[in-house]
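Here's the structure we're looking at; comments come further down.
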Amino acid sequence: MENFTPYSALSGGVLIGAAVALLLLLNGRIAGISGIVGGVLPPWRDAVGWRLSFLTGLIVAPLLYKLLGGQLNVQIHASLPLLVVAGLLVGYGTSLGRGCTSGHGVCGLARLSARSAVATVTFMLSAAITLYIARHVLNLGI
Amino acid sequence: MAKYLSALLCGIVFGLGLCVSQMINPQKVLGFLDVAGAWDPSLALVMAGALAVAGTSRLVILHRAKPVLEAEFQLPKATHIDTPLIAGAALFGIGWGLSGFCPGPALSALSLGIPEAYVFTGAMLAGMWLFQILQSPK
């Protein structure tokens, strides 16, 4: 476990939890990223403005983090074709299952939703099995 | 105007959380998902920190009649566990396991100008759009 970073993980998690709490308190909304992004795409069934504001903040945050002196390491080993396949699956899957790591994994579990617990266990298991096969059986180099 | 600024602030705080916790780094995420490799439990602590804050604060927040800047709380109504939920989560998991990217980190990584983040996010938006087309009433 030489890569384990408990303090930064906990403090980052607290920030994510604070963002979830603030969005509920101020805007009355659930901070599920896939749902927020999905609502920006047509057909527009719900308000779009707050979604674009939230996403803008999410996207500029790494620049602010670097301005504040933070260091970022973003390592991606997957090939571009594999990233296209992965992106399509993440987009389609989070739409069909109505949530991702934030919506089901944080917001849903925070309100003790059985539905979100089932979704979270499912995508965690699915991801771990997929990674095991891709990395250790097929040696895709990811 | 205030509700857009508050949403912007929440997005910033969320994104900073992804940076501080290093969840913006796909290899860090895969370190958690790879139980057969050099396992890194960090992601579990990120979720624990987020759940502790979100779970306790919502008990207080939902005592309010309405949110500060909107007329009402908009909470998910679905409670049933059905095939689309499980199939969708399983498909999402495959994509997550192949890339280490889920929607939040992929979007955040866009501002760093990483080509892979653009390719992944473009495909993710296409996947969401595909779902809208296939599922919308004919």
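What the table shows:
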| item | result |
| --- | --- |
| Test: residue in segment B:86-100 that is more than 7 Å from every other protein chain (Cβ to nearest Cβ), out of contact with any Leu (no Cβ under 9 Å at 6 or more places or on another chain) and open to solvent by 40 Å² or more (accessible area, probe 1.4 Å) | no |
| Single residue of segment A:58-76 satisfying the filter (more than 7 Å from every other protein chain (Cβ to nearest Cβ) and not in a helix (DSSP H, G or I)) that is surrounded by the fewest Cβ atoms within 10 Å (Cβ to Cβ) | A:GLY69 |
| Those residues of segment B:124-138 which are open to solvent by less than 10 Å² (accessible area, probe 1.4 Å) and either small (Gly, Ala, Ser) or modelled with pLDDT under 95 (or both), in sequence order | B:GLY127 |
| Residue list for segment A:17-33, filter: touching a residue at least 60 places away in the same chain (Cβ under 8 Å), assigned to a helix (DSSP H, G or I) and open to solvent by less than 10 Å² (accessible area, probe 1.4 Å) | A:GLY17, A:ILE33 |
| Among the candidates B:VAL46, B:VAL13, residue that is without any contact (Cβ under 8 Å) to a residue 24 or more places away in the chain, part of a helix (DSSP H, G or I) and at the interface with chain A (Cβ under 7 Å from one of its Cβ atoms) | B:VAL13 |
| Unmet requirement for B:GLU70, which otherwise passes all of (1) touching a Phe, Trp or Tyr at 6+ places or on another chain (Cβ under 9 Å); (2) free of Cβ contacts under 8 Å to residues at least 60 places away in the same chain; (3) farther than 25 Å from A:LEU131 by Cβ; (4) surrounded by 14 or more Cβ atoms within 10 Å (Cβ to Cβ) | (2) |
| Which listed residue, of A:ARG51, A:ARG115, A:ARG45, A:ARG98, is at pLDDT below 95, closer than 28 Å to B:ILE81 by Cβ and out of contact with any strand residue (DSSP E or B) (no Cβ under 8 Å at 6 or more places or on another chain) | A:ARG45 |
| Number of the exception - B:PRO26 against (1) loosely packed, with under 14 Cβ neighbours inside 10 Å; (2) under 15 Å from the mean Cα position of the chain (by Cα) | (1) |
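The values are calculated or read from the model by the stated rules, or taken from the named source; none is laboratory data. For clarity, every value in this text was computed on a predicted model and none was experimentally measured. As a convention, Cβ positions derive from the backbone with ideal geometry for all residues, glycine included, and neighbour counts pool all protein chains shown. Calculation scope for accessible area: heavy atoms of the full protein, side chains included, ligands and nucleic acids excluded. Shrake-Rupley method; radii C 1.70, N 1.55, O 1.52, S 1.80 Å.
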